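Structure record follows, encoded as structure tokens.
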Amino acid sequence: MIRPISPTPFLGTTLIISFMVLLGCQASPTSPTEPTVKVRSAHGTWIDEQFQTAILNIGLEKLGYQPETPKEIDYSAIYISVANGDLDYSPSNYELNHKEFFDNAGGSEKMERVGVLVSGTFQSYYLDKKTAEQYNITNIQQLKEPKLAKLFDSDGNAKANLIGCNPGWGCELIIEHHMAAYDLRETVEHNRGRYDALIADTITRYQQGERVLYYAYYPSWVSAILKPTIDVIRLTVPFTDLPGELKNVTAAETSIAGKNYGFPVNNQRVFANKKFLAANPVAKRWFELVKIPVEDMSTESLRLREGEDRPEDIRRHAQEWIENNQALVDGWLAEARKATP
């Protein structure tokens, strides 16, 4: 007797083939709609960078990627991790300030800077406006005079206490270099530590009527509380003098409106592992397109200072920013999707 052919093997084969096709789609690193392509990122210990990372990761989600929870680590470790492929990207490249971090970790052979996330960021020295006007202090080098430096002595050693920034940020190396370049070592003490705590104490002392001298980065919440030209003034420098790989930066690159403030005017950029970018052109194009106005970063920084600083708050801020710029973001997403090979 001839037995009828069972439909089961055919059905099983079809299911197996379909499952294999599905697995093949899931393994593709270049698919812009593939949810299993995980993206590993990190930002520095400066809390404001969580906002930029959240915006980038929300966009990656909309493009089909699966961003993992970003890590918060020191800059030097981020560069090494991105270069080695342990991380895929970071929004924390301060183009000039971090040149040495970038080069020492492997440079352009292993990583690539992509787009300009925030343009026109800058750094400078500040002191309270009342003291500046009373003693006609406009330039940091004036503090090599012991009598002027002593005005900012907060610990009784007859030296000015200059509030600097976190070790490992890069800016502390510039400040240390300036101490020697502007002949300030004998009269000025560079206070380094956890910047948030140091600057919070500085603000309290200012509000109590004391004199203050500090370093600050813009955009940040500091300038929303100690307002330049109203509460404090920015100090110029006598000439441009920078350490290491920044030694060839010119006065034009450290000046704003004709005044030299001693620090490079910077762009904040995304940097990423080159192999990741090559395998994921959609993500690369997204990184190239996203731009956050420096004013929006200042607004976010103040919201963080006012207590909305939990991860869920920052995620909500990022979603609100995207909604407030929906047409622009939709255009970026559409353009990024065209990068599919």
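None of the figures in this text is laboratory data; all of them are computed from the coordinates on show. Only a predicted model underlies this, so the values are computations on that prediction, with no experimental measurement involved. Every residue, glycine among them, receives a Cβ derived from its backbone with ideal geometry; neighbour counts consider all protein chains shown.
Between residue 157 and residue 334, the simple label model (points 7 Å from Cα in the Cβ direction) yields a spacing of 6.1 nm.
Taking Lys and Arg as +1 and Asp and Glu as -1, the other residues whose beta-carbon sits under 9 Å from that of residue 81 total +1. Shown is the FRET efficiency for residue 306 and residue 208, computed with R0 = 22 Å from the Cβ-Cβ distance and rounded to the nearest 0.05: 0.60. Starting from the Cα gyration tensor of the stretch 160-284, take the square roots of the eigenvalues, sort them a ≥ b ≥ c, and report rounded, prolate or oblate (rounded when a/c is under 1.5, otherwise prolate if a/b is larger than b/c, else oblate). Since a/c reaches 1.5 and a/b is larger than b/c, the shape of the stretch 160-284 is classed as prolate.
Length gained on full extension, residue 295 to residue 196: 33.6 nm, using 0.36 nm per residue less the C-alpha separation. Working ranking of peptides 152-164, 46-58 by packing, defined as the average number of other Cβ atoms within 10 Å per residue, highest first, is 46-58, 152-164.
Electrostatic bookkeeping for residue 151 treats Lys and Arg as +1 and Asp and Glu as -1; over the other residues with beta carbon under 12 Å from its beta carbon, the sum is +1. Modelled spin-label separation between residue 61 and residue 147, with each label point placed 7 Å from Cα along the Cα-to-Cβ direction: 6.1 nm. Checking the a/c ratio against 1.5 first, then a/b against b/c, what shape does the Cα gyration tensor give for the stretch 239-341? Judged from the Cα gyration tensor, the stretch 239-341 comes out oblate (a/c at least 1.5, b/c at or above a/b). Net charge of the neighbourhood of residue 42, taken over other residues with C-beta under 11 Å away and scored Lys/Arg +1, Asp/Glu -1, is -4.
What FRET efficiency do you get for residue 256 and residue 36 if R0 is 51 Å and r is their Cβ-Cβ distance, rounded to the nearest 0.05? About 0.65, to the nearest 0.05. Each principal axis of the Cα cloud of the chain was taken in turn, and the coordinate range along them, longest first, works out to 114, 38, 34 Å. If you model the stretch 202-253 as an ellipsoid using its alpha carbon gyration tensor, with each semi-axis the square root of five times an eigenvalue, the axes come out at 28, 12, 11 Å, biggest first.
Note that the stretch 303-312 has calculated 3J(HN,Hα) couplings of 4, 5, 5, 7, x, 8, 10, 7, x, 5 Hz, one per residue in order, obtained from phi through the Karplus relation 6.51 cos²θ - 1.76 cosθ + 1.60 (θ = phi - 60°); glycine and proline are x. Each residue of the stretch 64-70 was assigned a 3J(HN,Hα) from its phi angle through the Karplus expression (A = 6.51, B = -1.76, C = 1.60, θ = phi - 60°), giving x, 7, 10, x, 7, 4, x Hz with x at Gly and Pro. Ignoring aspartates and glutamates fewer than eight residues from residue 147 along the same chain, the ones with Cα atoms less than 19 angstrom from its Cα are 128, 133, 155, 183, 186, 189, 210.
Taking amide H atoms as placed 1.01 Å from N in the peptide plane, the amide H of residue 111 lies under 5 Å from those of 274, each 5 or more residues away in sequence or on another chain.
Model label sites at residue 224 and residue 326, defined 7 Å from Cα along the beta-carbon direction, differ in position by 2.5 nm. Going from the residue with the fewest nearby Cβ atoms within 10 Å to the one with the most, 227, 110 rank 227, 110. Loop-located GluC sites (Glu not before Pro) across the stretch 179-222 with a Cβ neighbour count of 14 or fewer within 10 Å are 186, 210, with loop assigned by DSSP.
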